[in-house]
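J.: Pasting in a structure now, in structure tokens, and then I'll have a few things to ask.
The values are calculated or read from the model by the stated rules, or taken from the named source; none is laboratory data. Bear in mind the structure is a predicted one, so any value in this text is a computation, not a measurement. As a convention, Cβ positions derive from the backbone with ideal geometry for all residues, glycine included, and neighbour counts pool all protein chains shown. Surface areas here come from the heavy atoms of the whole protein model, side chains and all, with no ligands, DNA or RNA. Shrake-Rupley method; radii C 1.70, N 1.55, O 1.52, S 1.80 Å.
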Amino acid sequence: MSTMTMQEASRRTGLSGPTLRYYEEVGLIGSIARDDSSGHRRYTEHDVDDLQALACLRAMGVGIEDMRTYQSNRARGAVAATEQRDLLLRHAVRIEAEMETLKVHLEYLRAKASLWDARAIGDADDEMRANSRVQQVLPKLAASLR
């Protein structure tokens with residue numbers, strides 16, 4: 001069975017060496033085998049598969065406890081399918097809310113940029129229209145910051 005170094009596992013997963021060690025330390029992945037002569041960690045394809053799943057969850061803002069639950073559900077297989085689905089859908093709802101917030105932020109930034117564009121060229125009518133758009137976005141922006 002071929003194994004890989006921490007550097008190779010890091011490259012394949014996008015996770016840093018300290019993160020790989022931390023995930024092992026907190027039990028998100030099983031204990032990693034060590035090279036008999038050097039004592040360096042040697043990752044299997046299975047280890048890297050687990051780490052890639054964790055890297056994806058991490059990129060989506062999933063916390064350690066939900067990662068732990070996800071890994072446990074993965075190991076349990078089909079009997080945990082409903083729980084796994086619910087965990088993933090809960091995060092999908094969170095990401096949808098974040099996307100809505102970001103849309104409001106983007107709308108505000110574009111409206112303000114239009115305002116400054118109008119000021120830059122001295123177009124008072126366009127500045128008034130842009131200012132009106134800014135005023136329309138402000139209540140949504142304020143709500144998104146709460």
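J.: For L106 and R90, compute 0.36 nm times the residue count separating them, minus their Cα-Cα distance, and round to one decimal in nm.
T.: Length gained between L106 and R90: 3.3 nm.
J.: Around A33, which amide H atoms from residues at least 5 apart in sequence, or from another chain, sit under 5 Å from its own amide H, with H modelled in the peptide plane?
T.: R42
J.: Tell me, what does the Kirkwood hydrodynamic radius of segment 1-53 come to in angstroms if you use every pair of distinct C-alpha atoms?
T.: Kirkwood hydrodynamic radius for segment 1-53: 10.9 Å.
J.: Suppose each label sits 7 Å from its Cα in the direction of the beta carbon; what would the R11-V26 distance come out to in nanometres?
T.: About 2.7 nm, to one decimal.
J.: Using each residue's phi in segment 27-37, evaluate 6.51 cos²θ - 1.76 cosθ + 1.60 at θ = phi - 60° and report the 3J(HN,Hα) Karplus result to the nearest Hz, with x for Gly and Pro.
T.: With the stated coefficients, segment 27-37 comes to x, 6, 10, x, 4, 8, 4, 10, 5, 4, 7 Hz.
J.: Can I ask one more? For the chain, take the longest principal axis of its alpha carbons; what is the angle in degrees between that and the long axis of helix 81-121, to the nearest 10 within 0 to 90?
T.: 30 degrees
J.: Go ahead and run the numbers for FRET between A80 and R34, Cβ-Cβ distance against an R0 of 30 Å, rounding to 0.05.
T.: E(calc), rounded to 0.05, equals 0.50.
J.: Could I have the simple spin-label model distance between R129 and L145, label points 7 Å from Cα toward Cβ, reported in nm to one decimal?
T.: Reported label-point gap for R129 and L145 is 2.7 nm.
J.: Tilt of helix 64-76 relative to the longest C-alpha principal axis of the chain, in degrees (0 to 90, nearest 10)?
T.: Its long axis makes an angle of about 50 degrees.
J.: Could you check the simple spin-label distance between A97 and M1, using points 7 Å along Cα→Cβ, in nm with one decimal?
T.: 4.1 nm
J.: Continuing with this model, one more query. Pop out the carbon and sulfur fraction of the accessible area of the chain as a percent, whole number, probe 1.4 Å.
T.: For the chain, the apolar C and S fraction of the accessible surface comes to 55 percent.
J.: Keeping all protein chains in place, calculate the accessible area per residue for the chain (probe 1.4 angstrom), answer in Å².
T.: I get 65 Å² per residue for this part.
J.: Starting from the Cα of Q136, step 7 Å toward the Cβ, then list every residue of segment 101-126 with an amide N under 13 Å from that point.
T.: Once the point is set 7 Å along Cα→Cβ of Q136, 107-108, 111-112 turn out to lie under 13 Å by backbone N, inside segment 101-126.
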